[in-house]
Amino acid sequence: MALAINSPRGTADIFGDDIRYRNFIINNVKELFKVFNFEEMITPAFEHTGVFSRSIGESTDIVQKEMYTFPDKKGRSLTLRPEGTASIVRAVVEKKMLISENIPLKLYYIGNMFRYERPQKGRMREFWQIGAEALGSDDPLLDAEMIWMLNNIFVRLGFKNLKLLINSIGCSRCREDYIIKFREFIKPELTGLCGNCKNRYDKNPLRIFDCKVPGCRAIASKGPKINQFLCAACNEHFEKVKGSLSDLSLDYEISDDLVRGFDYYTGTIFEMISNDLASAQNALGGGGRYDRLLKEFGGPDKPAIGFAIGLDRTMMLMKELGIKYIDDESRAKAYIISIAAAGQPYILDVLKKLRDANIICDIDHTGAGIGAGIKRAGKKDYNIAIIIGDDEIENNKITVKDLNNFKQYSINKEDLLEKIIEIMGAIKND
Ligand SMILES: [Zn+2]
Ligand SMILES: [Zn+2]
């Protein structure tokens, strides 16, 4: 008996329509990154465990419970990356990429990430993220540009009713004062918190804001707000970010409870949400400053900012919201069907002209006849059937069938491209 092997829980095979959605997203995002002058970087899918545990934070859910950590054959502890920023920073420091002429160093990545979570709708154990990082500058305008870029990803993809949330969680100095006040507030509420949050109270109380238990978040949100504790420098920076967003005509809302899930964040943080989605599941992507991370990795004491979006999640939400990918809408896909006995040079001439004109084109190899060929073309998403029989060859003609409405035209061979453009224009305007 054959051995039946299924894909591991929380992984996906991606094919068919999903590939088309995915490519539509990737192509759009890459085009946008190009305009903002970001360059692609690819880092390994696994790193030494410390790269993640130290940067993301020992008290986060990711590090405590969700990392795929394993010893390799020499006993070194490795971890499949649960996110992209730590690897980029590790690489930038290791390769000494941050030199003054490069600042800000603008990089983006598209890669698979791994977290051992309970799989559910839109949350997989292997998932794909697209992220961008700008390293070396603390210019508030750069924060605004990153937020602008994140916003425009979703605008480009066709999302509507977007809302931009921003906050500042300050530097380590302002956070010290805040954490004292926040602990004072939380202390009498401790019994109402989950077990994890009781630990977080000691280690990093800010993490209570992103606990998965809604009750914990509700308690935290009644407490003092971190953006009320900003030092003069952090406050001025945040004011300038807001000013730049206004100068870019980007609407935003200040979200006092936004802290984002990683310990490495400092200062500006932001999140893009969709008002078309239920509030528990409405985040499309987000990011923030991480001004200490380069130094923590042994690099220069330089600030940085980044964001990430979930590729699979974006795809799922597009489907859910009825946003259709645009599959090269103006490109024709033609199927050549021939029953001519001695027509090969004539047919190949047509095929060559079509392919030279970038028209996606196949030739019927089944020899099953015109009726069967048209049926096959209709089923396979061709929009044009090109029929060539003995009559056509004799008169230097081509029969073109618009499979969108089954109208048929007999045209001169020379007019083929023009006719296809005409038909495709009509399809586009439908
Ligand atoms: Zn500060
Ligand atoms: Zn909790």
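The values are calculated or read from the model by the stated rules, or taken from the named source; none is laboratory data. Computed from a predicted model, the values in this text were never measured in an experiment. We place every Cβ from the backbone using ideal geometry, glycine too, and count neighbours over all the protein chains shown.
Just the residues that are of a type in the set (A, V, I, L, M, F, W, C), surrounded by 18 or more Cβ atoms within 10 Å (Cβ to Cβ) and more than 9 Å from ligand 2 (Cβ to nearest atom), please, taken from segment 191-218.
Passing the criteria: 206, 209.
Any chance you could count how many residues in segment 188-227 are over 32 Å from the mean Cα position of the chain (by Cα) and within 16 Å of ligand 1 (Cβ to nearest atom)?
Qualifying residue count for the region: 1.
Would you kindly identify the strands (runs of 3 or more DSSP E) lying entirely within segment 255-374 that contain at least 1 residues that are over 22 Å from the mean Cα position of the chain (by Cα)?
Once the strands (runs of 3 or more DSSP E) in segment 255-374 are filtered for at least 1 residues that are over 22 Å from the mean Cα position of the chain (by Cα), what remains is 266-274, 333-338, 360-363.
Tally up the residues in segment 178-187 that are within 16 Å of ligand 1 (Cβ to nearest atom), surrounded by 14 or more Cβ atoms within 10 Å (Cβ to Cβ) and either part of a loop (DSSP other than H, G, I, E, B) or hydrophobic (A, V, I, L, M, F, W, C) (or both), please.
So the answer is 2.
Let me confirm something: among 111, 84, which residue is touching a strand residue (DSSP E or B) at 6+ places or on another chain (Cβ under 6 Å), in contact (Cβ under 8 Å) with a residue 60 or more places away in the chain and not charged (D, E, K, R)?
84
For segment 90-104, enumerate the residues that are in a helix (DSSP H, G or I) and surrounded by 11 or more Cβ atoms within 10 Å (Cβ to Cβ).
90, 91, 92, 93, 94, 102
Any residue at all in segment 22-44 that is in a loop (DSSP other than H, G, I, E, B), of a type in the set (D, E, K, R) and modelled with pLDDT under 95?
no
Looking at segment 190-211, I want the residues that are closer than 10 Å to residue 259 by Cβ and have a partner that is among the hydrophobic types (A, V, I, L, M, F, W, C) and near ligand 2 (Cβ under 10 Å from one of its atoms) with Cβ atoms under 6 Å, at least 6 apart or on another chain. Which pairs are those?
Close Cβ pairs satisfying both conditions: 208/197; 208/216; 208/220; 209/220.
Could you give every pair whose Cβ atoms fall below 7 Å, whose first residue belongs to segment 10-38 and is of a type in the set (S, T, N, Q), and whose second residue is surrounded by 12 or more Cβ atoms within 10 Å (Cβ to Cβ), counting only separations of at least 6 or pairs across chains?
Between residues of segment 10-38 that are of a type in the set (S, T, N, Q) and residues that are surrounded by 12 or more Cβ atoms within 10 Å (Cβ to Cβ), the close pairs are 11/124; 11/125; 11/126; 28/156; 28/157; 37/106.
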